[in-house]
Amino acid sequence: MLYIQSSMNEQYDNAELDITLIEQSKTGNETAFETIVDRYRRRVLTYCHRMVRHESLAEDLAQEVFVRFYQALPRIDTRKAVVSYLFRIAHNRCLDWLRTRRPQMQTLTRTEDDDQPTVQLPDARPTPEEEVLRGELLEAVEKALAAVPPRYRSVLVMRHVEELSYEEIAEALGLPMGTVKARIHRGREKLQQELRDFVNL
Amino acid sequence: MRVRCSRFRRWSRFAIDGELSAKEREAFERHRLVCGDCRVEFERLLRAVNLLARLPSVESGASFTANVMARVNRARQAQGEEARRKASWVTVTMVVAASACVVVGWSEWMLPAIVSTMSDGLVMLVKGSRVLGPSLTLIGALSALLRAFFETALTLGRSGASYALYVYVLTLTIILIAASLTRNARRRYGASMLCV
């Protein structure tokens, strides 16, 4: 209970800080905007990377997200969460890219090498062998995620990698909450199918 | 409460999100213990979600923020140039419109002749649109409207017609400016961006 309380306080403080930073950025304070970039760059970059699965491209898209966010500053409503705005722009940019460039992308297909045995993730400090297995497993999860259609992949990453709330996802995508929940559930099922070799007991 | 397999599977999504009531959760867990198929299926789903949650974050390069700020400044400069272009276009439109108003005001005595000439031209346009097909029907409709407007203006007498034409030119100018601003806004922010 204490943890929940302190976590809520932290969220509240973060929201307050975001509002202050946005208001200062709106008046042309570049340092305030740089602080926003620093606070959210890892999350935006991770989202873009999980969507397009290409390092330099993801970095380029993430930078563009912040540029667009800067241009949209005059219309930003500080009552809404900053992450919702950022992920909305990131979502649109990534989907645009996937729509226009998809045929040129390397198709991600499963190969014989992907058929790894089920691996237990270590709880304690991993041995080098475990590290290798862990790396291979994460690689397999990345491939499986990339094979999930973008509309489901997007909500899966927002929910389970970036840990956005349903409200924030609904706000980011401009969708009703029910649709978001259904989409996440469908995405989980698709991911489970893609990871069948790893999750089957 | 007795839970069947179909309900268990429907509830599994709510169970993962912790959205079952205490009573539902209890029934869910009971079914999970007794039904092997449902238990295995649910554990597979849980494993998949847990694996996804273990994906690490991606760290950006050291120059990420600096690059963003450089791009922001470039975009701001481009925006400034576009605003200047737009401002010059608006100025030219306003000057032309104002000049037209002055000319019309000073040459009031010429108005009947001007209107007569324009009306003839517009009638030709209407006829032309009939020949050229439906793509020019809009021009035809506009021409008809203009002709009706001028005829009405003529019945008001010289000063009335001059005033009406003056109002018309001003209205047209406002519409042109509004259209220009809307077009620029759409081009800059894109329709898909909605509020951002």
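Straight-distance candidates among the lysines for linking to A:LYS181, with alpha-carbon spacing under 18 Å and chain neighbours fewer than 8 residues away dropped: A:LYS190. Among A:HIS54, A:HIS185, A:HIS91, the ranking by other beta carbons within 10 Å of each residue's beta carbon, starting with the fewest, stands as A:HIS54, A:HIS185, A:HIS91.
Shown in residue order for the range A:88-98 are the 3J(HN,Hα) couplings computed by the Karplus curve 6.51 cos²θ - 1.76 cosθ + 1.60 at θ = phi - 60°: 5, 5, 4, 4, 4, 5, 5, 5, 4, 5, 5 Hz (x for Gly and Pro). To the nearest whole percent, what portion of all C-alpha pairs in the range A:1-100 is separated by more than 20 angstrom? Within the range A:1-100, distances greater than 20 Å cover 42 percent of Cα pairs. In order along the range A:154-161, phi translates into HN-Hα couplings of 4, 6, 4, 5, 4, 7, 9, 9 Hz, rounded to whole numbers, per the Karplus curve 6.51 cos²θ - 1.76 cosθ + 1.60 with θ = phi - 60° and x for Gly and Pro. Among the residues of A:59-72, the average count of other protein chain beta-carbon atoms within 10 Å of the residue beta-carbon is 5. Multiplying the residue separation of A:GLU167 and A:GLN193 by 0.36 nm and subtracting their alpha-carbon distance yields 6.7 nm. With neighbours defined as other Cβ atoms within 10 Å of a residue's Cβ, the residues A:TYR40, A:TYR85, A:TYR47, A:TYR166 order from fewest to most as A:TYR166, A:TYR40, A:TYR85, A:TYR47.
Rounded to 0.05, the FRET efficiency of the B:ARG25 and A:GLN24 pair, given R0 = 35 Å and the Cβ-Cβ distance, is 0.15. Amide H contacts for B:CYS35 (H built 1.01 Å from N in the peptide plane; partners 5 or more residues away or on another chain; cut-off under 5 Å): none found.
Laboratory data are not the source of any read-out in this text; all were calculated from the coordinates shown. Here the structure is a predicted model, which means the values were calculated and not measured. Note that we place each Cβ from the backbone using ideal geometry, even for glycine, and neighbour counts take in every protein chain shown.
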